[in-house]
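**Student:** Following this message is one structure expressed as structure tokens.
Only the coordinates and a few stated rules stand behind these numbers; no lab work does. Here the structure is a predicted model, which means the values were calculated and not measured. Cβ placement follows ideal geometry from the backbone for every residue including glycine, while neighbour counts extend to all protein chains displayed.
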Amino acid sequence: MGVPIIIDGHLVFAAETLSADRFGTLQLSGIDLTLAITAWRAQTLKARAYDGELARIIVPEDAPLAWVHSIIDPADDLNAPMKGPLKTRRDGDCEIERAAISLAKTARLMPAVLTAWVGTFETDQLTSLRLESVNAELAETSPLSAVISAKLPLEVSEAGRLHVFRPDDGGEEHYAVEIGRPSRSAPVLTRLHSACFTGDLLGSLKCDCGPQLRGALSQMGHEGAGVLLYLNQEGRGIGLANKMRAYSLQDQGFDTVEANHRLGFEDDERDFRIGAEILRSMGFKQVRLLTNNPRKVDMLNSCGLKVVERVPLKVGESKFNTDYLATKATKSGHLL
């Protein structure tokens, strides 16, 4: 919505949704403004990241809103590579900015925030939070509640059932597709599948997500039992809008990982603890995991589940996604 919040006396704006009117008001007030970006974005801009995983850029007094957008959005980097010189803060605490960037990510916004110290300024029109409570919430995965389940005959198996899980914090729902009646006392064939609107629904040839979804369900149907978790973590957790921004950067010649980094994101922003919690709540303790990603195996093992077997899922390669799959293998460690 573009509305700021207050964290321990600091006004915090998501830079992406900052309006010209609000930005102009801040500048007229004469208070010092800081634009915080991640170290990945700072690396692209050749800005010094004194704070480790982020950089705090000093906003020039006469900077227009277009300057802010040019710093956070890499869309025109190749046309206008010289954004600076950029001055970054190296003194003082950066915990407010660190938490604020995490909040922007949870909102599926670009990972950049504008902050300003306002001290004891108080208003009942803005949400005011304590940094400790923000960090505590960010560190935990919201508990999931099972909402409903119902029979769902599928092409791969008439013995299908769909379970709906809803985070207690009101976040996005996640789903479990159960095929047959898998035993809770034996390893279950399992797939953790992250939502891919373009691949799963539209049949995009840029990725292998759609074929993996259908291939996993088909194998479960063939074996007569299995569980596919459909997790709403589009674009490796950055959201559909940012995923399309990354696609636009790929059109400029960058690979998947490079595009994410230029936007300021990590290679992968997904939280696989969600999948582990769903499996445990359904009574499963051991899985045969359909994946090419060793990180998923490590994650489930670290969350108290036992992966007794990694089952490869090599499908969907085409002339359109050869480079995408090669990047998965070389930069993300997928076993392809």
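**Student:** Rounded, prolate or oblate: which one fits the stretch 163-208, using the alpha carbon gyration tensor with axes a ≥ b ≥ c (rounded when a/c is under 1.5, else prolate when a/b beats b/c, else oblate)?
**Tutor:** Oblate is the answer for the stretch 163-208, as a/c is 1.5 or above yet b/c matches or exceeds a/b.
**Student:** Please state the Cα pair-distance histogram of the stretch 1-93 with 5 angstrom bins from zero: what percent is in each bin?
**Tutor:** With 5 Å bins starting at 0, P(r) equals 2, 12, 24, 26, 21, 12, 2, 0.
**Student:** Go ahead and collect, in residue order, the members of the stretch 49-82 whose backbone nitrogen is under 15 Å from a label point 7 Å along the Cα-Cβ direction of Gln252.
**Tutor:** Counting only backbone N, you get 69-82.
**Student:** Taking the dipole about the Cα centre of the stretch 237-282, with the C-beta of Lys and Arg at +1 and of Asp and Glu at -1, give me whichever of Phe265, Tyr247, Gly275 is farthest to the positive side.
**Tutor:** Positive-most Cα among the choices belongs to Gly275.
**Student:** Assuming R0 = 51 Å, can you tell me the calculated FRET efficiency for the pair Asp298 and Leu78, based on Cβ-Cβ distance, to the nearest 0.05? Could you put the intermediate results ahead of the total?
**Tutor:** Working: r = 36 Å, r/R0 = 0.71.
FRET efficiency, Asp298 to Leu78: 0.90.
**Student:** Enumerate lysine pairs in the chain that are 8 or more residues apart or on different chains, then count those whose Cα atoms are under 13 Å apart.
**Tutor:** 9
**Student:** Please sort by residue number the chymotrypsin sites (Phe, Trp or Tyr not before Pro) in the stretch 63-121 whose DSSP state is loop and whose Cβ has at most 15 other Cβ atoms within 10 Å. The partial results should precede the final answer.
**Tutor:** Values: sites: Trp67, Trp117, Phe121; in loops: Phe121.
Answer by residue number: Phe121.
**Student:** Please compute the volume of the convex hull spanned by the alpha-carbon atoms of the stretch 179-287 and report it per residue in Å³.
**Tutor:** Looking at the stretch 179-287, the number lands at 99 Å³ per residue.
**Student:** Also, quick follow-up: Among Ser133, Leu78, Ser218, flag the residue with its Cα farthest along the positive direction of the charge dipole of the chain, charges on Cβ as +1 for Lys/Arg and -1 for Asp/Glu.
**Tutor:** Toward the positive end, the furthest listed residue is Ser218.
**Student:** Provide the three semi-axes, in whole Å and in decreasing order, of the ellipsoid equivalent to the stretch 270-336 as defined by the square roots of 5 times the Cα gyration tensor eigenvalues. Mind showing how you got there, number by number?
**Tutor:** Numbers: eigenvalues 136, 27, 21 Å².
Rounded to whole Å, the semi-axes are 26, 12, 10.
**Student:** Taking the Cα centre as origin and putting +1 on Lys and Arg beta-carbons and -1 on Asp and Glu beta-carbons, what dipole magnitude results for the chain, to the nearest 20 debye? Mind showing how you got there, number by number?
**Tutor:** Working: 38 positive and 44 negative charges, 268 e Å.
Here the size comes out at about 1280 debye.
**Student:** Hey, another quick one. Helix-derived [θ] at 222 nm for the chain: sum -39500 (n - 2.57) over DSSP H runs of at least 4, divide by residue count, nearest 500?
**Tutor:** -10000 deg cm²/dmol
**Student:** For labels at Val3 and Asp169 in the simple 7 Å Cα→Cβ model, what's the distance in nm?
**Tutor:** 1.9 nm
**Student:** Let me ask something additional. Give me the log10 of I(q) over I(0) for the stretch 1-156 at q = 0.12, 0.18 Å⁻¹, as the Debye formula computes it from C-alpha points; what are the numbers?
**Tutor:** So the normalised log intensities are -0.55, -1.10.
**Student:** Using a Förster radius of 41 Å, what is the FRET efficiency between Trp67 and Asp93 based on their Cβ-Cβ separation? Nearest 0.05, please.
**Tutor:** 0.95
**Student:** Quick one: Cα convex hull volume of the stretch 57-97, Å³ per residue?
**Tutor:** Normalising the Cα hull of the stretch 57-97 by residue number yields 98 Å³.
**Student:** Give me D for the stretch 86-153 in µm² s⁻¹, whole number, from Stokes-Einstein with Rh from the Kirkwood sum over alpha-carbon pairs, 10 °C and 1.306 mPa s. Let's see the in-between values first.
**Tutor:** Working: Rh = 15.4 Å.
Result for D is 103 µm²/s.
**Student:** I need the Debye-formula profile for the stretch 114-232: one equal scatterer per C-alpha, no solvent, reported as log10 I(q)/I(0) at q = 0.18 1/Å, two decimals.
**Tutor:** -1.00
**Student:** Label points 7 Å out from Cα along the Cβ direction at Ala241 and Arg181: separation in nm?
**Tutor:** For the pair Ala241/Arg181, the computed spacing is 4.7 nm.
**Student:** In the stretch 177-248, what percentage of the DSSP-assigned beta bridges are antiparallel, given to the nearest 5?
**Tutor:** 40 percent
**Student:** If you stretched the chain out fully between Asp21 and Thr322, how much longer would it get, using 0.36 nm times the residue separation minus the C-alpha to C-alpha distance?
**Tutor:** Taking Asp21 through Thr322 to full extension adds about 103.8 nm, to one decimal.
**Student:** Turning to a different aspect of this structure: Placing one identical point scatterer on every Cα of the chain and ignoring solvent, what is log10 I(q)/I(0) from the Debye formula at q = 0.10, 0.11, 0.13 Å⁻¹?
**Tutor:** Taken in order of the listed q values, log10 I(q)/I(0) reads -0.67, -0.79, -1.02.
**Student:** Looking at the stretch 1-42, what % of the alpha carbon pairs are farther apart than 13 Å? Don't jump to the answer; show the numbers that get you there.
**Tutor:** Working: 522 of 861 pairs.
Percentage above 13 Å: 61.
**Student:** Translational diffusion coefficient of the stretch 16-62 at 25 °C, 0.890 mPa s, Stokes-Einstein with Kirkwood Rh over Cα pairs, in µm²/s as a whole number.
**Tutor:** 209 µm²/s
**Student:** Follow-up. What longest range of the chain stays clear of loop-exposed trypsin sites (Lys or Arg not before Pro) (DSSP non-H/G/I/E/B, at most 12 other C-beta within 10 angstrom)? Display every interim value, and only then the final one.
**Tutor:** Values: sites that count: Lys46, Arg90, Arg130, Arg184, Lys319.
By the stated rule (loop sites, at most 12 other Cβ atoms within 10 Å), 185-318.
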